[in-house]
1. Mind listing whichever residues of the stretch 19-48 are assigned to a helix (DSSP H, G or I) and of a type in the set (Lys, Arg)?
2. Got at least one residue in the stretch 5-26 being over 21 Å from residue 166 (Cα atoms), surrounded by 13 or more Cβ atoms within 10 Å (Cβ to Cβ) and modelled with pLDDT of 95 or more?
Amino acid sequence: MLRTPRSDVPTEGAGAASAEGAEVQLIRRIARGEPRAFDQLYRAYHPRLTRFIDRLTRQPGLVGELLNDTMFVVWTHAARYNGQSKVSTWIFAIAYRKALKAMGRRDEPMEAAQEDDAEEPASGPEQLLMHTELRAALSRALGDLSAEQRAVVDLSYRHGIGYREIADIVGCPAETVKTRMFHARRRLKAQLAGRLEDYL
C-alpha cells in the first residue's frame, strides 16, 4: 500500500549514486535545451510527482496543472540547479511550493485521495471489504492532517526520503520535520484509535 512504482531512473541500493549522476546529466542537458532529456526526466518523475501532489493537495483537479507547472520550472530553470541537493530534492521542493501556493488560492472542498496504486489482497469478499474500509479510514485520517504534516508523512513513508532531505524539500530545519512527524503520528493514532482493531 505504501509502495511507489519504479521510475526510469533507479533510486535504490548501489545504483543510487549512478542514478543521481544520470539525473544530474539530464538536468545539464535540459539546461542546454535538449527536449529528449526533458522527456526522459518527465517520464521518470510523472508517477512520483502525481502521487505526491495528489496526496498533498487532496484536490484531484489540481494535480495535472501542478505537475505541469513543476516540470515547466524544471525546463526553464534547469541552469539554476546548483548540485547542492539531489535532483529529486530540488524537483520535489518545486512541487511542494507550487502545491502550497495553489492550495492557498483555492477554496474548493478537499476530496479524499484515492489509493489507486494500492495492492488489493487476494482474499474473499469480507477481507476485501475490510481492506477497503481500512483504506478509507486512513485516507480520512490523513485528510485531517495539515498539508505540511501530510507532506512529511508522504515523503517519508511513500517515497522513503530521510528527514534531512525532507527538510530541504519543505524548506525548514530537520528538527521541524521531526516535530511535524511526531504530531502527525500522534494525530493519526488518535484518529484511528479503536478502528484498526476492527480490521485486524
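1. So in the stretch 19-48, the residues assigned to a helix (DSSP H, G or I) come out as 19-31, 35-48.
Hits for the stretch 19-48 are 28, 29, 36, 43, 48.
2. yes
The values are calculated or read from the model by the stated rules, or taken from the named source; none is laboratory data. Keep in mind that what you see is a predicted model, and the values were worked out from it rather than measured. Neighbour counts run over all protein chains shown; Cβ positions are idealised from the backbone, glycine included.
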